[in-house]
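Working notes, structure below.
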Amino acid sequence: MREAKETVLEINLGNLAHNYRFLRSKIGKDVKFLSVVKAHAYGSDSVEIAKKLEELGTDYFAVAYVEEGIRLRENGIIKPILVLHPQFTHFEEIIENCLEPNLYSEKTLRSFISTAERLNQKNYPVHIKLNTGLNRLGFDKAEISMVQELISNTPSIKISSVFSHLAASEDWQEREFTLDQIDLFRKMTWQLIENLGYEPLLHICNTSGVINYPKATFSMVRTGIGLYGYGNDKTVDPQLKPVGTLKTIISQIRKLEEGATVGYNRAHKINKPSHIATLPIGHADGINRIYGKQKAGVFVKGKYAPIVGNVCMDIIMIDVTGIDCEEGDEVIIFGGPHQHPVDFAQAGGTISYELITGIQRRVTRKIIPE
Ligand SMILES: *Cc1c(COP(=O)(O)O)cnc(C)c1O
């Protein structure tokens, strides 16, 4: 029989529902809600998360790549799915799976139109991305008339939405830049949709946009990190609930005397009698070497235990001296009342996004229903 206790990432759907309702409460009743479920729903489980969000009433989904969208369709997700970063080699698959492409360049626009025409599509829903200063994907202002012309010359596609992405919505120092982006988005959009004859959805706000620029929600918002429990802000974070909790167990405890060393390269030196515990999780699971050498720690019985020595591929050693614990006891890497994942990420010099999307698929995902 499989051990009941092991390294697991618990996915709490009740927390997801809480976060969804919180973010919904921040936007107008008629503003649509797009849930970003790319990268396995930020490292959790895109199918389970999308099913729950569909039940909660999300209007739209977004994924980064085509395969992610196909996976959702294969698992019965029916709401529209925007593919944020498609390649033109996947346009047929997009249409076959009822996915909606982000068209962000002349090449993608022309290529999608010709695919849609070849497959006899009428009014196939597409999304037009505008570059307002992030300088990543999207059409520049000077390209708008070209976009208009290509679109007015074909009945094969219809613009479902026009959107852009903010570069620093979480950063108050960059407020002026952000307001300029929003302003430019408004101007470019007017120009683009002026003679269209119908009104596409408009959206520019991600999670921090919703929180910091509530007047710029337009007709839809795109939230990712907030759904998973992170507000990119010390005052917002306590109002959200992290969806993921990463847990493991103690495999072995060893008592060491002064002079002993722990782990590869003898990176940890013992200078007083210590209890060192071994955990079945390592850098191959997404807990990178940066967290070693006491940069970060974990919680055992509600007490802090620093990670000592180098993080190995499948093993981490922690110092549990003075903590009343034994082999088999639960260890919280992040989540729960003691260790906010943001604090753990910060200890490793990174951000919540990278920490949670970096937990490898080797770690079992355990769904906790609402
Ligand atoms: C990932 C992504 C989002 C979600 O941003 P959050 O900060 O996680 O809310 C929104 N829009 C685009 C284009 C994205 O790539």
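The values are calculated or read from the model by the stated rules, or taken from the named source; none is laboratory data. This structure is a prediction, so every number in the text was calculated from the model and none was measured. Positions of Cβ are generated from backbone atoms using ideal geometry, with glycine treated the same way; all protein chains shown enter the neighbour counts. Keep in mind that these areas ignore ligands, DNA and RNA; they rest on the heavy atoms of the full protein, side chains included. Shrake-Rupley method; radii C 1.70, N 1.55, O 1.52, S 1.80 Å.
Identify, by number, the condition in (1) within 28 Å of Ile225 (Cβ to Cβ); (2) out of contact with any strand residue (DSSP E or B) (no Cβ under 7 Å at 6 or more places or on another chain) that Thr364 doesn't meet.
(2)
Among the numbered conditions (1) at negative phi; (2) of a type outside the set (Phe, Trp, Tyr); (3) touching a residue at least 24 places away in the same chain (Cβ under 8 Å), tell me where Pro86 comes up short.
So Pro86 meets the others, but not (3).
Considering Leu166, Leu137, Leu179, which residue is hydrophobic (A, V, I, L, M, F, W, C), over 21 Å from Leu82 (Cβ atoms) and within 26 Å of the chain's Cα centre (by Cα)?
Answer to the selection: Leu179.
Given the conditions (1) open to solvent by less than 80 Å² (accessible area, probe 1.4 Å); (2) under 28 Å from Lys234 (Cα atoms); (3) at pLDDT 95 or above, report the number of the one that Gln346 does not fulfil.
Of everything listed in (1) open to solvent by less than 80 Å² (accessible area, probe 1.4 Å); (2) under 28 Å from Lys234 (Cα atoms); (3) at pLDDT 95 or above, Gln346 misses just condition (1).
Quick check: anything in the stretch 106-118 part of a loop (DSSP other than H, G, I, E, B) and in the same structural domain as Gln181 (by TED's automatic domain parsing)?
no
For Arg118, are the conditions met, namely being modelled with pLDDT of 95 or more, more than 24 Å from Leu34 (Cα to Cα) and among the basic types (Lys, Arg)?
Numbers: modelled with pLDDT of 95 or more: yes; more than 24 Å from Leu34 (Cα to Cα): yes; among the basic types (Lys, Arg): yes.
Yes; evaluated as a whole, the condition is true for this residue.
Any residue at all in the stretch 356-364 that is of a type in the set (S, T, N, Q) and in contact with a Gly (Cβ under 6 Å, 6 or more places away or on another chain)?
Yes, the conditions are met somewhere in the stretch 356-364.
Restricting to the stretch 233-248, and then to whatever is touching a residue at least 24 places away in the same chain (Cβ under 8 Å) and outside any loop (DSSP other than H, G, I, E, B), can you tell me which residue is farthest from the ligand (Cβ to nearest atom)? Let's see the steps before the verdict.
The first filter runs over the stretch 233-248 and keeps only residues touching a residue at least 24 places away in the same chain (Cβ under 8 Å), leaving 233, 236-237, 239-248.
Within this subset, residues satisfying the condition of being outside any loop (DSSP other than H, G, I, E, B) are 237, 239, 244-248.
Numbers: Asp237: 14, Gln239: 15, Gly244: 14, Thr245: 19, Leu246: 19, Lys247: 24, Thr248: 26 Å.
Result: Thr248.
Among the residues in the stretch 177-185, are any at pLDDT 95 or above, of a type in the set (D, E, K, R) and crowded, with 16+ Cβ neighbours inside 10 Å?
No, there is no match, as no residue in the stretch 177-185 is at pLDDT 95 or above, of a type in the set (D, E, K, R) and crowded, with 16+ Cβ neighbours inside 10 Å.
Within the stretch 181-215, count every residue that is part of a loop (DSSP other than H, G, I, E, B), more than 11 Å from the ligand (Cβ to nearest atom) and hydrophobic (A, V, I, L, M, F, W, C).
1
Looking at (1) surrounded by fewer than 18 Cβ atoms within 10 Å (Cβ to Cβ); (2) closer than 30 Å to Ile144 by Cβ; (3) charged (D, E, K, R), can you tell me which one Glu68 breaks?
(1)
Return the only residue of Ala216, Ala168 being assigned by TED's automatic domain parsing to the domain that holds His127, in contact with an Asp or Glu (Cβ under 8 Å, 6 or more places away or on another chain), without any contact (Cβ under 8 Å) to a residue 40 or more places away in the chain and under 30 Å from Glu143 (Cβ atoms).
Being assigned by TED's automatic domain parsing to the domain that holds His127, in contact with an Asp or Glu (Cβ under 8 Å, 6 or more places away or on another chain), without any contact (Cβ under 8 Å) to a residue 40 or more places away in the chain and under 30 Å from Glu143 (Cβ atoms) holds for just one of Ala216, Ala168, which is Ala168.
Out of Ala260, Ala277, Ala284, Ala267, I need the residue that is crowded, with 20+ Cβ neighbours inside 10 Å, among the small types (Gly, Ala, Ser) and more than 30 Å from Val210 (Cβ to Cβ). Which one?
Ala277 is the lone residue from the list that is crowded, with 20+ Cβ neighbours inside 10 Å, among the small types (Gly, Ala, Ser) and more than 30 Å from Val210 (Cβ to Cβ).
Which of the residues belonging to the stretch 216-232 are over 13 Å from Leu23 (Cβ atoms) and within 14 Å of the ligand (Cβ to nearest atom)?
Ala216, Phe218 - these are the residues of the stretch 216-232 that are over 13 Å from Leu23 (Cβ atoms) and within 14 Å of the ligand (Cβ to nearest atom).
Please go through (1) within 16 Å of the ligand (Cβ to nearest atom); (2) buried (at least 21 other Cβ atoms within 10 Å of the Cβ) for Ala116 and return the number of the only condition it doesn't satisfy.
Here Ala116 clears every test but (1).
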